[in-house]
């Protein structure tokens with residue numbers, strides 16, 4: 001086993017990865033919110049069903065975009081902070097084979 005040290009993370013690289021992961025999570029949460037709002041809306045009658053459909057459709061479109069943007073920004077901030085800390089401490093050690 002060889003020990004390697006991660007001394008720097010690509011800022012945009014981590015931002016893109018976390019943006020994609022968070023967008024997928026937003027799609028899953030949006031789908032759950034869509035099903036929930038449509039179910040609750042149908043219980044409320046015709047007007048509630050329309051409101052549930054609009055809210056659910058909006059959630060499945062906006063949540064992945066919102067989560068993706070937040071994941072991208074969070075990834076950039078995380079990589080920047082890691083790079084600064086790794087400059088002082090020396091990085092993260094991993095074992096590779």
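The values are calculated or read from the model by the stated rules, or taken from the named source; none is laboratory data. Values in this document were obtained by computation on a predicted structure and should not be read as measured data. No Cβ is skipped: glycine too gets one built from the backbone with ideal geometry, and neighbour counts run over all protein chains shown.
Data for the structure
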| item | result |
| --- | --- |
| Residue in region 56-67 that is over 30 Å from residue 2 (Cα atoms), out of contact with any helix residue (DSSP H, G or I) (no Cβ under 8 Å at 6 or more places or on another chain) and surrounded by fewer than 19 Cβ atoms within 10 Å (Cβ to Cβ) present | yes |
| Cβ pairs under 7 Å, 6+ apart, first in region 16-30 and at positive phi and crowded, with 20+ Cβ neighbours inside 10 Å, second at pLDDT below 95 and not in a helix (DSSP H, G or I) | none |
| Hits in region 68-97 (condition: touching a helix residue (DSSP H, G or I) at 6+ places or on another chain (Cβ under 9 Å) and part of a strand (DSSP E or B)) | 92 |
